[in-house]
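Comments concern the structure below.
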Amino acid sequence: MSFTEWVKKNVTDARDTLNAEITKFKSKDLMEAVVAGCALVAYADGNVSSEEKQKMMGYLKTSDQLKVFDSNDVIKTFQKYVEKFEFDSTIGTGEVMQAVGKFRDKPQAQLIVRVCCAIGASDGDFDANERAAVRRMSSELGLNPSDFNL
């Protein structure tokens, strides 16, 4: 490899790394909101199933905006919200609404609700408690729950 090729490759690698970091910075709030919403829905029936966790991780790995996040960071964030629910469901819900509320009246709001609907249905039973959790999130986001068949 010539010196010019080496420089070009290193500049390209540095640019790609920087772009990934910028994307990560811009999307951190979105990752937090999606994961928080997923925790709310997963915990709504009192049982966080492996199917719900797998569905959330699968989505985050395929999303262009969110795949830049390390799986361990996503799991830690999810666990943080689940622990808040285990301590006190009112506190957990408040924390989720705070994270989700940052996207009120923004285009990403629909994405958050759709991902949460998919999480609720991932174990084969999108039950009344899970639907109620997503309805509450929809309202917090300024969206009409009926637009999502809730």
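Is it the case that the stretch 116-135 has a residue that's in a loop (DSSP other than H, G, I, E, B) and of a type in the set (Gly, Ala, Ser)?
Yes: one or more hits.
Can you confirm whether ALA121 is modelled with pLDDT of 90 or more, aliphatic (A, V, I, L, M), out of contact with any strand residue (DSSP E or B) (no Cβ under 6 Å at 6 or more places or on another chain) and more than 16 Å from MET31 (Cα to Cα)?
no
For the stretch 126-150, name all the residues that are among the acidic types (Asp, Glu) and exposed (fewer than 12 other Cβ atoms within 10 Å of the Cβ).
Scanning the stretch 126-150 gives a single hit, ASP147.
For MET31, are the conditions met, namely being under 21 Å from ARG135 (Cα atoms) and either small (Gly, Ala, Ser) or in a helix (DSSP H, G or I) (or both)?
When the stated conditions are applied, MET31 passes them.
Which condition does ARG135 not pass, out of (1) in contact (Cβ under 8 Å) with a residue 24 or more places away in the chain; (2) over 22 Å from SER50 (Cβ atoms); (3) not hydroxyl-bearing (Ser, Thr, Tyr), if it passes all the others?
(1)
Across the stretch 80-108, what is the total count of residues that are part of a helix (DSSP H, G or I) and loosely packed, with under 14 Cβ neighbours inside 10 Å?
Total meeting the criteria: 7.
Do we have GLN65 as assigned to a loop (DSSP other than H, G, I, E, B) and under 19 Å from LEU111 (Cβ atoms) here?
yes
Is it the case that some residue within the stretch 63-77 is of a type in the set (A, V, I, L, M, F, W, C) and touching a Lys or Arg at 6+ places or on another chain (Cβ under 7 Å)?
Yes, there is a match, as at least one residue in the stretch 63-77 is of a type in the set (A, V, I, L, M, F, W, C) and touching a Lys or Arg at 6+ places or on another chain (Cβ under 7 Å).
The values are calculated or read from the model by the stated rules, or taken from the named source; none is laboratory data. Just so we're clear, the structure is a prediction, and the values are computed from it rather than from any experiment. A quick note on method: Cβ atoms are made from the backbone with ideal geometry, for glycine too, and the neighbour counts reach across all protein chains shown.
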